[in-house]
Amino acid sequence: MLRPIRTLAAAAAALALVSACNSASNGASTDKPGTAGTSRGVTKDSIKVGGIVSMTSASGYSKKATDLGAKARYARANAEGGINGRKIDYIGAEDDGQDPAKNLAAARKLVQQDKVFAVSPMSSVTFSGADFLEQEKVPTFGWGTLPSFCGPKYIYGFNGCLVPTPGGTINQTWPEGIGQVLGGAAGKSVAIIANDSDAGKFGVRTFQQGFTSAGFKVSYAKASVPGTAVPSDWSAYVKEILESNDGKAPDAVVSVMQTPNNIGLFTSLKRSGYKGLLSDPTDYDPGLLAKDATKQALDGVHVLLQFEPFESTNPKMDQFKADIKAASGGLEVPLNMHMLTGYMSADLFVSIAQKAGKDLTVESFQAAAQSFSDTDTLVGNRAEPKGQKDSFGCGALVQLKNGAYEVSVPFKCYEPIPFK
């Protein structure tokens, strides 16, 4: 019952109507905020779900495969009989172009025009639509890398809250994993660099605490790289990093940025003669290996994963691969982390909705979420509402080596630390 993914042209045309979304004549809800029918998007035989994904961006970076991952999981759920007898009507994802205005517009369109029950997946570096979705009581699922996934009642990270508010906890996969690669954190230093954005600043603050707690000396921690365009010259950033450890280079450089920035930064560091460890949370994508220049820039980089690596022998990874192949029309497509993001966002929604029972409303869904837990998923053990305050604490590191990814630190769950 899945609808074909709409073209970008159609999405753009729909977004052009958003400015009129508050008008009843345009099919928008006239209910007061938060009082829209709590069974919106639910019929006797279907549940309507949509997504918001950065299909395009000014830098060329794309999370388009997130949509395919969600489609794959919903297709299997439907093949197995749906959710308590209802098929999932997944209408595809709106493209927000990593633009805050478009993110909010997409959220409004999905709720007021398309009248979805849930938004899953939501995958972008911006989430300006969060307050609107929370206000309208729309269950929303995505990668909890933004503060909006931490605290609201109706918004869920598929692996928990990764950027907590004070009182929450911090996932220690990255510092603990890098510590293992370096033979321990004692006496080791790390530089952390991010984009000059709210997400970048929060990421630096979070990881600075995490690496310090693990025993590293954080010699450099700045969110200074422009978020709107990739620098053509990285020499100033590289100079600062290489002199940050009391005039010497740090043992590790951690980039909290996306692929285009990582390619530029890592290439410049290598050309400067840097021999330390390089790491980021983004570049686990076989598609990146198609270009020699990209493959060379990322060679040796350890990538943080917050799910089982594709190289895992876990039967649930085999199921994921089979589902992706089926959703791709039987084709063997290169796997990437965005597919897993969409898949696990959809998986958490399906699992909670199944528990909510036949009488599916926002209220019954939320009640089911309040006591939800399961074990041994591709992101570890899950529990709600714990995941709206804390991460699930699990992850792995993979390293690009000789043109292929290898597991450098196996998937494991670590004890989180308090966020201050």
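Overview of values
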read-out: Nonlocal amide H pairs with N381, under 5 Å, H built at 1.01 Å; value: D376
read-out: Under 5 Å, built H, 5+ apart or other chain: amide partners of Y220; value: V190, I192
read-out: Extension gain from K153 to A367, taking 0.36 nm per residue of separation minus the Cα-Cα distance; value: 75.9 nm
read-out: Segment 234-316: GluC sites (Glu not before Pro) in DSSP loop, at most 16 other beta carbons within 10 Å; value: E243, E311
read-out: Whole-number accessible area per residue in Å² for segment 159-199, which is evaluated in the context of all protein chains at 1.4 Å; value: 31 Å²
read-out: Segment 36-102: C-alpha gyration tensor shape, a/c 1.5 cut-off, then a/b vs b/c; value: oblate
read-out: Cα long-axis angle, helix 198-213 against the chain (0 to 90 degrees, to the nearest 10); value: 60 degrees
read-out: Electrostatic dipole magnitude of segment 297-367 [Cβ: Lys, Arg +1; Asp, Glu -1; Cα centre; debye, to 20]; value: 180 debye
read-out: Amide H within-cut-off set for M122, under 5 Å, with H built and near neighbours excluded; value: I52, F141, G142, W143
read-out: Hull shadow area, averaged, the chain [alpha-carbon convex hull, nm²]; value: 19.3 nm²
read-out: Estimated vicinal HN-Hα couplings, Hz - segment 123-130 in sequence order (Karplus 6.51, -1.76, 1.60; Gly, Pro = x); value: 9, 6, 8, 10, 9, 6, x, 4
read-out: Helix-only mean residue ellipticity at 222 nm for the chain, each DSSP H run of n ≥ 4 adding -39500 (n - 2.57), per residue, nearest 500; value: -9500 deg cm²/dmol
read-out: FRET E, pair K239, A101, Förster distance 45 Å, beta-carbon r, rounded to 0.05; value: 0.80
read-out: Portion, in percent, of the accessible area of the chain that falls on carbon or sulfur, probe 1.4 Å; value: 53 percent
read-out: Mean accessible surface per residue for segment 315-420, computed with a 1.4 Å probe while every protein chain stays in place, in Å²; value: 42 Å²
read-out: Normalised contact order of the chain, rounded percent, pairs of Cα under 8 Å and 6 or more residues apart; value: 20 percent
read-out: Lysines whose Cα lies under 19 Å from that of K102, excluding same-chain neighbours fewer than 8 positions away; value: K63, K64, K115
read-out: Charge sum, other residues only, whose C-beta stays under 12 Å from T294's C-beta, Lys/Arg counted +1 and Asp/Glu -1; value: -2
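The values are calculated or read from the model by the stated rules, or taken from the named source; none is laboratory data. Just so we're clear, the structure is a prediction, and the values are computed from it rather than from any experiment. A quick note on method: Cβ atoms are made from the backbone with ideal geometry, for glycine too, and the neighbour counts reach across all protein chains shown. With ligands, DNA and RNA removed, areas are computed over all heavy atoms of the protein, side chains included. Shrake-Rupley method; radii C 1.70, N 1.55, O 1.52, S 1.80 Å.
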